[in-house]
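**Student:** If you scroll down you'll find the structure; I have some questions about it.
Read the figures in this text as sums done on the coordinates, not as results from a lab. Just so we're clear, the structure is a prediction, and the values are computed from it rather than from any experiment. Don't worry about glycine lacking a Cβ; one is built from the backbone with ideal geometry, like all the others, and counts go over all protein chains shown.
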Amino acid sequence: MAKRSLLNWIALFAFLIGGATRPVLADEEYSLEESPTNGLVYRVSAEVDVRGKLQTTASKEKTLDLDLAVEASFDYRERRLPGAGRDAEALRSLRQYRQAQAAITVNKNRSFSSLSNADTMIVAHGNRPGITFYQPSEFLTRNELELLQMPGDALAVLGLLPQTKVEVGQKWTVETWAAQMLTGTEALLKSDVSCELDYVRNNTAKVRIQGSVEGAIQGATTKIELSGYYLFDTDRNYLRSVELKQTEKRGVGAVSPGMDVVATVKIDRSPTTDAGQVTQAATEKIPLEPKAEELQLLLQLPWNASVSHSRDWHVFQRTQHLTVLRLVKGGSLIAQCNLSPLAERNDNQPIRESEFRELVKKGLGDRLKSIVSSHAVPTDSETKLLRIVAKGESQKIDMTWHYYLATAQGRQMLFFVAFESDLKEQLDEADLKLVKTLRMQKPKLIPASGEK
């Protein structure tokens with residue numbers, strides 16, 4: 001009896017000694033909730049690594065596989081903003097990016113992407129199809145937007161926190177809006193993502209993430225597998241770190257390649273006393289909803305011109321003398337717009353309306369049935385616009401073509417917009433809105449030999 005009693009005391013003593021570091025008992029409940037109004041500023045650093053294959057369409061029957069590697073890093077200050085609604089719209093923040101850059105290698109061809117300005121202020125606004133990023137002071141470019149939309153954003157991970165208190169070992173199903181927002185899936189077909197409170201130790205809760213999402217992104221079908229975990233500080237009540245693995249298989253879309261990739265994300269997040277530009281006063285200037293013009297994207301054209309456009313327009317092709325945009329709404333291709341500069345003529349005279357009509361007729365050839373209208377379009381700039389609307393048929397499909405001739409700074413530029421006639425309502429004059437934003441700068445003068 002004495003020996004058995006001694007063993008019991010040893011076991012009890014070991015249990016008590018280990019109490020400071022052991023996982024807590026499973027029947028204790030914990031609240032894993034981060035308040036958006038706690039006044040904290042967070043310093044966030046993230047590393048994203050993507051490896052796999054891109055698939056592009058080589059012909060109607062074949063796709064071409066390209067090796068892909070992306071290494072991205074981010075460093076920013078962040079302060080939560082009041083919610084603009086429920087669920088995804090409750091997650092908003094103001095960020096000051098100190099660093100956002102990526103090295104992208106496709107079949108040994110290496111390129112780089114980064115934010116154009118240091119200490120860029122960005123609003124991250126939660127939406128079910130993904131986080132909407134915008135810059136309050138000026139337009140982002142498409143490349144900058146896609147850089148910010150890297151997988152596993154910490155703001156989206158906040159959507160995985162449980163809505164009620166949970167016990168160690170307890171699982172919960174992630175709301176569909178949260179899984180959709182985390183993966184940036186525009187059209188959700190199926191969501192099966194769950195979390196489990198693994199342990200709580202030293203004021204740290206570890207939550208495992210597991211599951212899958214199926215849907216569509218930019219009209220291309222996608223299937224995404226998720227696995228990983230996040231750590232939550234139960235003393236100060238904030239999300240501290242994330243490690244996430246995201247495997248995605250996506251089909252080829254109208255404006256994007258297919259992919260078979262694995263992305264790994266590592267995020268560290270901690271309160272800081274250095275608020276930088278992310279002050280309380282700065283957050284009070286951010287409206288609950290972004291203005292439509294703040295969501296416009298800037299596109300610099302290679303021939304010293306620029307346009308701004310809605311996010312439904314996507315760059316499909318770029319060369320020195322041609323830029324092709326495609327308009328996608330709800331995953332469907334609506335229209336294509338070709339932008340190109342017109343070479344100066346020997347007589348230095350701009351193309352006249354009658355000449356423009358002949359160019360349209362020649363370009364469309366047998367496809368043309370009629371020219372519906374030809375008229376000048378008023379603008380709020382010095383740019384003069386001439387618009388020709390033509391109708392016809394291509395591959396037995398009724399088509400409409402909008403031609404725009406823009407003249408400014410002694411230069412001319414052509415916009416050629418093509419769409420199926422039945423899609424006129426969906427187009428909703430998006431092409432006209434695009435063309436009216438055109439800004440053409442004076443040609444850069446090249447000094448003569450010997451001049452400085």
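**Student:** Near the amide H of THR141, under 5 Å away, which other amide H atoms are found, from residues 5 or more places off or on another chain, if H is placed in the peptide plane?
**Tutor:** Sorted by chain and number, the residues that satisfy this are LEU298.
**Student:** While we're looking at this one, here's another question. With θ set to phi - 60° and the Karplus curve 6.51 cos²θ - 1.76 cosθ + 1.60, what are the ³J(HN,Hα) couplings of the range 221-232 in order, to the nearest whole Hz, using x for Gly and Pro?
**Tutor:** 5, 8, 10, 10, 9, 10, 7, x, 7, 9, 10, 10
**Student:** Which whole-number percentage describes the relative contact order of the chain, with Cα contacts under 8 Å and a sequence gap of 6 or more?
**Tutor:** Details: 1011 pairs, mean separation 54.3, N = 452.
Dividing the mean separation by the residue count of the chain yields 12 percent.
**Student:** Can you compute the FRET efficiency between THR57 and GLU420 using 1/(1 + (r/R0)^6), with r the Cβ-Cβ distance and R0 = 25 Å? Round to the nearest 0.05.
**Tutor:** Efficiency for this residue pair is about 0.80.
**Student:** For the chain, what is the calculated [θ] at 222 nm in deg cm²/dmol (nearest 500), taking -39500 (n - 2.57) for each run of four or more DSSP H residues and dividing by its residue count?
**Tutor:** Working: 8 runs with 62 residues, N = 452.
Roughly -3500 deg cm²/dmol at 222 nm, from the helical runs in the chain.
**Student:** Modelled label-to-label distance, THR173 and ASN107, 7 Å Cα→beta-carbon offset: nm?
**Tutor:** 4.4 nm
**Student:** Can you give the charge dipole size of the range 296-440 about its Cα centre, rounded to the nearest 20 debye, using +1 on the beta carbon of Lys and Arg and -1 on the beta carbon of Asp and Glu? Walk me through the intermediate numbers first.
**Tutor:** Values: 20 positive and 17 negative charges, 38 e Å.
For the range 296-440, the charge dipole is close to 180 debye.
**Student:** Moving on. At a Cα cut-off below 18 Å, give the lysines reachable from LYS62, other chains included and same-chain residues fewer than 8 away excluded.
**Tutor:** LYS53, LYS249
**Student:** Quick one: if you stick a label point 7 Å off each Cα along the C-beta vector at LYS442 and VAL372, how many nm between them?
**Tutor:** Calculated label separation equals 4.0 nm.
**Student:** To the nearest Å, what is the center-to-center distance of the range 315-369 and the range 42-61, using C-alpha atoms only?
**Tutor:** Taking the Cα centre of the range 42-61 as reference, the centre of the range 315-369 is 32 Å away.
**Student:** Place +1 on the Cβ of every Lys and Arg and -1 on the Cβ of every Asp and Glu in the chain, take the dipole about the Cα centre, and give the residue among ALA281, LEU239, LEU414 whose Cα lies farthest towards its positive end.
**Tutor:** LEU414
**Student:** Given charges of +1 on the Cβ of Lys and Arg and -1 on the Cβ of Asp and Glu, with all other atoms neutral, how large is the dipole of the chain about its Cα centre, in debye to the nearest 20? Write down the numbers at each step before the final one.
**Tutor:** Numbers: 58 positive and 57 negative charges, 162 e Å.
Roughly 780 debye, rounded to the nearest 20.
**Student:** Please give every one of the lysines within straight-line cross-link reach of LYS165, meaning a C-alpha to C-alpha distance under 18 Å, and leave out same-chain neighbours fewer than 8 residues apart.
**Tutor:** Counting by Cα, and skipping residues close in sequence, LYS165 has these lysines nearby: LYS206.
**Student:** Compute the Kirkwood hydrodynamic radius of the chain, taking the inverse of the mean of 1/r over all pairs of distinct Cα atoms, and give it in Å to one decimal. Write out the running numbers ahead of the final one.
**Tutor:** Working: mean 1/r = 0.0395 Å⁻¹.
Computed over the chain, the radius equals 25.3 Å.
**Student:** On a full-extension model of 0.36 nm per residue, what is the gain between SER340 and GLN277, subtracting their alpha-carbon distance, rounded to one decimal in nm?
**Tutor:** Details: separation 63, 0.36 × 63 = 22.68 nm, distance 4.05 nm.
Separation in residues times 0.36 nm, less the Cα-Cα distance, equals 18.6 nm.
**Student:** Which of rounded, prolate or oblate describes the range 29-292 when judged by the alpha-carbon gyration tensor and an a/c cut-off of 1.5?
**Tutor:** Numbers: a/c = 1.74, a/b = 1.26, b/c = 1.38.
Oblate shape, in that a/c is at least 1.5 and b/c is the bigger or equal ratio.
**Student:** A further question follows. With everything on Cα atoms, drop me the angle between helix 2-17 and the longest principal axis of the chain, reported from 0 to 90° to the nearest 10.
**Tutor:** With both axes taken from Cα atoms, the answer is about 30 degrees.
**Student:** Sorting check: for 200-211, 291-302, which peptide has the highest mean count of neighbouring beta carbons within 10 Å, and how do the rest follow?
**Tutor:** Details: 200-211: 17.1, 291-302: 15.2.
So the order, starting with the most tightly packed, is 200-211, 291-302.
**Student:** Still on this model: Please compute the net charge surrounding SER194, taking Lys and Arg as +1 and Asp and Glu as -1 over other residues with Cβ under 12 Å from its Cβ. If you can, show how the numbers build up before the last one.
**Tutor:** Values: positive: LYS171, ARG208; negative: GLU175, ASP192, GLU196.
Net local charge, SER194 excluded: -1.
**Student:** Is the range 140-287 best put as rounded, prolate or oblate by its Cα gyration tensor, with a ≥ b ≥ c the root eigenvalues, rounded for a/c under 1.5, and otherwise prolate when a/b is larger than b/c, oblate when not? Walk me through the intermediate numbers first.
**Tutor:** Working: a/c = 2.11, a/b = 1.21, b/c = 1.75.
Cα axes put the range 140-287 in the oblate bin.
**Student:** Okay, moving on. Amide H to amide H, which residues 5 or more places from GLY85 or on other chains are under 5 Å from it, using H placed in the peptide plane?
**Tutor:** When sequence neighbours closer than 5 places are left aside, the close amide H contacts are ALA90.
**Student:** Also, I was wondering about something else. Enter the angle in degrees (range 0 to 90, nearest 10) between the Cα long axis of helix 353-364 and the first principal axis of the Cα atoms of the chain, meaning the one along which they spread out most.
**Tutor:** 60 degrees
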